[in-house]
Amino acid sequence: MSSSRVLVLNSGSSSVKYQLLDMRDSSRLAMGLVERIGEESSRLKHTPLASGGASREWTGPMADHEAALKAVSAELAKDGLGLDSPELAAIGHRVVHGGRHFTEPTVIDDAVLAEIERLIPVAPLHNPANLTGIRTARHLRPDLPQVAVFDTAFHTTMPESAARYAIDVETADRHRIRRYGFHGTSHAYVSRATAKLLGKAPEDVNVIVLHLGNGASASAVRGGKCVDTSMGLTPLEGLVMGTRSGDMDPAVIFHLMRVGGMSTDEIDTLLNKKSGLIGLCGDNDMREIRRRIDEGDQRAALAFDIYIHRLKKYIGAYYAVLGKVDAIAFTAGVGENAAPVREAAVAGLEELGMVVDGALNAVRSDEPRLISPGHARVAVAVVPTDEELEIATQTYALVGRI
Ligand code: ADP
C-alpha cells in the first residue's frame, strides 16, 4: 500500500480528538483537539509533530462537526497533511459501543452505520456522537476506507458466566442487558504489551490490567483473551472512578427515587458525574488528592482509601477468576503516574505473590517497565496505554486486507 497514513478520530458530542499517524514506523505526525463544537467559542488546539512546530490554538464559532473537521483538515494542510492528501490510507474511528455484534474492527458501510445506530439505546451518550463523527468524515472523504474500532470488542470473549447479570433472562435479552465492558482497546493493547515486556507471547500469559484514568476499569485476560472486566452494561460499574461511583447496591437507586424524591436523570447525573472521588472529597484529580493528603486532609485520605479498597478487591477477584496470574499491569493517567496508588493497591498481597519495589515504583518513565522485584512470583508492571496507536494499527491492518 503506497498510502501509509491513518487519521484516528475520537468524536464526542461537542468535541473531536484526533491523531495522524504514519504506519510505516507508527510515528505520530500531528495531534489535536476541538472542543465546544456548536458554541460561539469553539477551540481548536493543533500540534504539528512531524514538522516539530509549536502548538497552534484557535478560538471561534464552529457550528458543527463538519466545520470542526474542516478546520482540522486546514491545520493539517499547512504541513501538507490535509484530509484530501493521497497519502491518507484510512480513517479509524473510536466507537464506544459495539454490542455483541462487533467483535472485530469493521470497515464502515451503511449496514454498519445502521447497526451502530441500533445500539444507541445501550449507549445513549456515546454512540450518537461517534456516529456524527463517522458521517462527517465519510461526507468529506466518501472514497476513503473508514474503520470502526469498538471499545467493547475485546470483551466479547467473556464467557456467559461473566457477561450475564443474574436477572430474569427474558427481560435481560429483550433489553440487551448484559455486561459489555469498555476501554477494550486499551486493555487489548496493554495486555499484549505486558506479555512483550515479559518476553512471552500473549497466548502464554495471564494478566490483570488496571486501566486507571478518570474513567477506570480492570480486566482479567487469560492467554490474550478477556475473561472478565469490571465495567458492565455501561461504564458505571466496577472501580471507584474520578466522577463515577462504580459498584453499589442497585437498591440505592430505588431509595433515592422513593425516599430522596430524585428523578432518573438526577440520579444518572449523581452516579456518573458527581460520585467517585469527586463525590467523596470534591476533587477527581489524583495529584490534587495526594497533595491534600500530604497536608493532612481527612476527606481526601478517606476518598483515597475507598478507591484503593475497591481496586484491591478487584485484584483479588481476578486472581481467583484466572487461577494463575503472571502479571498485573497499571495503565492510564493514574496507573502510569501515581506511584502511591500502585503501592497501596498491591500492599498486603505478598501471599498472592504480588510485591512492589519502592525504588522501582518511584522511577518516572514513559516506557513499559517492571516495578516488582526480580524474585516476585507475579510481575507488577507499569505499561503506558496508547489507544490511538492501537486504533491506527487495527485500522491499517484491516484496510491492507481490502
Ligand atoms: P481519561 O482518558 O479517562 O480522561 P486519563 O487516562 O488521561 O483519563 O487520566 C486522567 C487522570 O490521571 C487525572 O484525572 C488524574 O487523576 C490522573 N493523573 C494524571 N497525571 C497524574 C500524575 N502525575 N499523578 C497522579 N495522577 C495523575
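Any read-out appearing in this document is the output of simple, stated calculations on the displayed coordinates, not a laboratory observation. Fair warning: this is a prediction, and the values are worked out from it, not measured in the lab. Counting neighbours? That spans all protein chains shown, and the Cβs are built from the backbone with ideal geometry, glycine included.
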Go through segment 242-254 residue by residue and turn each phi into a ³J(HN,Hα) via Karplus (6.51, -1.76, 1.60, θ = phi - 60°); whole Hz please, and just put x for glycine and proline.
-> x, 10, 10, 6, x, 3, 6, 4, x, 5, 4, 5, 4
With springs only between Cα atoms under 10 Å apart, run a GNM on the chain and tell me which of VAL107, VAL221, VAL209 wobbles the most.
-> VAL107
Which whole-number percent gives the relative contact order of the chain, counting Cα pairs below 8 Å spaced six or more residues apart?
-> 14 percent
Sparse-neighbourhood loop hits (GluC sites (Glu not before Pro), segment 266-362; DSSP loop; Cβ within 10 Å at most 13 others) -> GLU295
ALA379 long-range amide H proximity, modeled H, under 5 Å = ALA327, ILE328
Between 0 and 90°, nearest 10: helix 65-77 axis offset from the chain longest Cα axis | 70 degrees
What residues have an amide H closer than 5 Å to that of LEU49, excluding those fewer than 5 places away on the same chain, when H is modeled at 1.01 Å from N in the peptide plane?
-> ALA30, MET31
Tell me, what HN-Hα J-couplings in whole Hz come from the Karplus equation 6.51 cos²θ - 1.76 cosθ + 1.60 at θ = phi - 60° for each residue of segment 370-382, using x for Gly and Pro?
-> 8, 10, 9, x, x, 7, 5, 5, 10, 6, 9, 10, 10
For the peptides 113-125, 4-16, 129-141, what is the packing order when you average, over each peptide's residues, the other Cβ atoms within 10 Å and list the highest mean first?
-> 4-16, 129-141, 113-125
Could you state the orientation-averaged shadow area of the convex hull built on the Cα atoms of segment 103-150, in nm² to one decimal?
-> 3.2 nm²
Roughly how tilted is helix 264-273, in degrees to the nearest 10 and between 0 and 90, from the longest Cα axis of the chain?
-> 80 degrees
How many Lys pairs in the chain lie less than 30 angstrom apart by Cα atoms, where the lysines are 8 or more positions apart or on different chains?
-> 29
Can you give the charge dipole size of segment 201-283 about its Cα centre, rounded to the nearest 20 debye, using +1 on the beta carbon of Lys and Arg and -1 on the beta carbon of Asp and Glu?
-> 80 debye
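Based only on the alpha carbon positions, what is the Kirkwood hydrodynamic radius of the chain, in angstrom? Write down the numbers at each step before the final one.
Details: mean 1/r = 0.0450 Å⁻¹.
Hydrodynamic radius (Kirkwood, Cα pairs) of the chain is 22.2 Å.
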What angle do you read, to the nearest 10 degrees and between 0 and 90, between the alpha-carbon axis of helix 387-400 and the longest principal axis of the chain?
-> 50 degrees
Karplus-derived 3J(HN,Hα) from phi for segment 231-236 (6.51 cos²θ - 1.76 cosθ + 1.60, θ = phi - 60°), whole Hz, x at Gly and Pro, runs 7, x, 4, 9, x, 7
Among MET231, LEU349, PRO61, flag the residue with its Cα farthest along the positive direction of the charge dipole of the chain, charges on Cβ as +1 for Lys/Arg and -1 for Asp/Glu.
-> LEU349
Measuring from its Cα centre, segment 64-129 shows a charge dipole (+1 at each Lys and Arg Cβ, -1 at each Asp and Glu Cβ) which, in debye to the nearest 20, is 280 debye
So who's got an amide H within less than 5 Å of the one on VAL95, skipping anything under 5 residues away but keeping other chains? H placed 1.01 Å off N, in plane.
-> VAL149, PHE150, ASP151
Treating only the Cβ atoms of Lys and Arg (+1) and Asp and Glu (-1) as charged, compute the dipole magnitude of segment 319-387 about its Cα centre; round to the nearest 20 debye.
-> 180 debye
